[in-house]
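Remarks on the structure that follows.
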Amino acid sequence: MAIFATARRDRLYIMTTRELSRAVFAVKTGHGAPYARMHAIDRLVHVERYGCRHTAKLRTARLRAWPFAERAALVRTANPAWSDLSEEPSAQRIRADASLEV
């Protein structure tokens with residue numbers, strides 16, 4: 001499960017993916033979901049990994065139902081600077097993880 005945001009931190013896009021590196025590439029190049037393209041969402045700001053795709057989808061659905069302020073607080077807890085995690089040194093692990101089991 002991944003959360004992407006705009007540079008202004010005013011929009012979030014939450015998705016479930018098996019291949020995080022592919023999802024990051026799609027969002028950053030404008031080939032992702034229409035919502036992400038329309039709102040210029042291009043930063044990976046939060047990632048949660050699950051061993052079961054069903055569990056990841058349930059978590060995604062729950063987060064989408066939360067008010068924006070609560071979703072933003074979740075991001076701030078793990079990533080206070082709202083850094084683009086795909087550009088962090090640890091992103092090499094994300095890119096190396098061509099297939100996340102979700």
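The values are calculated or read from the model by the stated rules, or taken from the named source; none is laboratory data. Here the structure is a predicted model, which means the values were calculated and not measured. Neighbour counts are summed over all protein chains in view; Cβ atoms, including those assigned to glycine, are modelled from backbone coordinates with ideal geometry.
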Answer yes or no as to whether R76 is of a type in the set (K, R), without any contact (Cβ under 8 Å) to a residue 12 or more places away in the chain and assigned to a helix (DSSP H, G or I).
yes
Taking F4 and the conditions (1) within 22 Å of E88 (Cα to Cα); (2) among the aromatic types (F, W, Y); (3) surrounded by fewer than 20 Cβ atoms within 10 Å (Cβ to Cβ), which numbered condition does it fall short on, given that it satisfies the others?
(3)
Residues that are in a loop (DSSP other than H, G, I, E, B) and either surrounded by 14 or more Cβ atoms within 10 Å (Cβ to Cβ) or among the aromatic types (F, W, Y) (or both), drawn from the range 20-58
G32, A33, H39, I41, D42, E48, Y50
Picking from A26, A69, A2, which residue would you name as being of a type in the set (A, V, I, L, M, F, W, C) and at pLDDT below 95?
A26
Sole miss for G30 among (1) touching a residue at least 12 places away in the same chain (Cβ under 8 Å); (2) touching a helix residue (DSSP H, G or I) at 6+ places or on another chain (Cβ under 8 Å) is condition (1)
Report yes if A23 is under 14 Å from L85 (Cα atoms), touching a Gly at 6+ places or on another chain (Cβ under 9 Å) and of a type in the set (G, A, S), otherwise no.
yes
Could you tell me whether R64 is among the charged types (D, E, K, R), surrounded by fewer than 17 Cβ atoms within 10 Å (Cβ to Cβ) and either within 15 Å of L85 (Cα to Cα) or in contact with a helix residue (DSSP H, G or I) (Cβ under 8 Å, 6 or more places away or on another chain) (or both)?
no
